[in-house]
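In what follows, a single structure is set out as structure tokens and then discussed.
Values in this text are rule-based calculations from the coordinates and carry no lab data. Computed from a predicted model, the values in this text were never measured in an experiment. So basically every Cβ, Gly included, is an ideal-geometry build from the backbone, and we count neighbours across all protein chains shown.
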Amino acid sequence: MPNLRNYQEYTPQGWDRPLTEREVRALRKFGGIAGRRLIDDVKEKPNHKLYDYVLSLWNLSKENGHRQRSFKELLCDVPAGTFDTWCLSQGLQQKQTFRMNAFERNMDYLRETLRYGSWKGLPIVWRVQTDLSAARDQYSNRSFRHIPNMYSYVVANSGDEAASIWGMMVLSPIGIVKSSDTRDYRRLCEPRFVGPQRFCEIAEQNKLGLSRATDEISKQITSLEAALKEMHELKALSEMAFALGASTLLMANGGLDISILEH
């Protein structure tokens with residue numbers, strides 16, 4: 001067992017091994033003011049020993065894996081099993097609250113450094129959207145029909161770069177935008193930060209985005225076809241009704257003429 005106070009073997013959610021002593025020591029820095037300094041140091045050095053670890057911590061926090069009891073006990077530097085009970089002393093409650101809040105603030109700061117491309121050589125994934133109805137005016141005018149946005153994922157250093165890539169490669173060729181202004185691209189595709197590419201299955205996400213859009217459109221096609229069938233049935237019914245009405249009128253008129261002749 002590592003020579004570290006209050007160490008317990010803990011494998012974070014999604015990891016294939018438990019945390020080492022070095023990693024636990026680094027983790028506890030994120031429970032205070034030293035966490036931001038560590039982030040600033042690591043993000044500038046892709047070869048830093050804690051580079052992958054710090055990024056993995058952020059991904060763990062994004063998935064709420066930091067809410068596990070063992071994680072909180074390691075972060076708060078307390079013996080294993082301390083947080084098994086709800087009846088904590090005031091001091092322990094304050095310690096847990098302070099360190100967990102500090103950890104979350106540090107992860108928020110780390111997210112901002114990722115979003116602004118501060119990590120050297122780290123590919124970042126952005127989600128962009130395409131309003132399919134905007135490609136054809138006649139679609140967008142049919143407000144009673146919802147045509148879904150298609151969500152896709154691209155790798156870029158910033159939101160502006162993601163918007164430019166998507167605007168030039170997709171929005172412009174399909175006729176949604178004719179301008180070359182990045183502001184128009186950004187307004188139309190609304191890039192959203194996702195995270196480092198190492199944590200994202202882009203191909204799978206893009207396949208899922210396309211599937212959702214096409215499935216929704218297929219449902220609407222089925223609905224429209226059913227409505228069209230009903231219209232054809234109503235048309236046939238109306239033609240039959242008018243034919244019967246005309247026949248009845250002729251018969252009535254014929255009967256009236258016969259009665260006049262008899263008198």
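Comparing mean-square fluctuations of ALA213, ALA246, ALA26 from a GNM of the chain with C-alpha springs under 10 Å, the top value falls on ALA246.
Here the Gaussian network model covers the chain, with springs between Cα atoms less than 10 Å apart; of HIS48, HIS66, HIS232, HIS232 fluctuates the most.
Exposed loop sites were defined as chymotrypsin sites (Phe, Trp or Tyr not before Pro) in DSSP loop states (anything but H, G, I, E or B) carrying at most 14 other C-beta atoms within 10 Å; in the chain the longest segment without such a site runs 145-263.
Which value in deg cm²/dmol, rounded to the nearest 500, describes the helix-derived mean residue ellipticity at 222 nm for the chain, given -39,500 (n - 2.57) per DSSP H run of n ≥ 4 and division by the residue count? After summing the helix terms and dividing by residue count, I get -18500 deg cm²/dmol.
Which helices pass in the chain if a helix is a full DSSP H run, must span at least 30 angstrom along its long axis by Cα, and must have mean Kyte-Doolittle hydropathy not below -0.5? It would help to have the intermediate numbers written out before the result.
Numbers: long enough: 90-115 (37 Å, -1.30); 202-262 (90 Å, 0.19).
Sorted by number, the helices that extend far enough and score high enough are 202-262.
Under 5 Å between amide hydrogens, built in the peptide plane, is the criterion, and for ILE124 it picks out ALA156, GLN197 among residues at least 5 positions away or on other chains. Between ILE221 and GLN90, the modelled labels are 6.8 nm apart [label points 7 Å from Cα along Cα→Cβ].
According to the Kirkwood expression over distinct Cα-Cα pairs, how big is the hydrodynamic radius of the chain, in Å? Present the calculation step by step, with values, prior to reporting the outcome.
Details: mean 1/r = 0.0417 Å⁻¹.
Here the Kirkwood hydrodynamic radius works out to 24.0 Å.
Springs join every pair of Cα atoms under 10 Å in this Gaussian network model of the chain, and among ALA227, ALA236, ALA34 the largest mean-square fluctuation is at ALA236.
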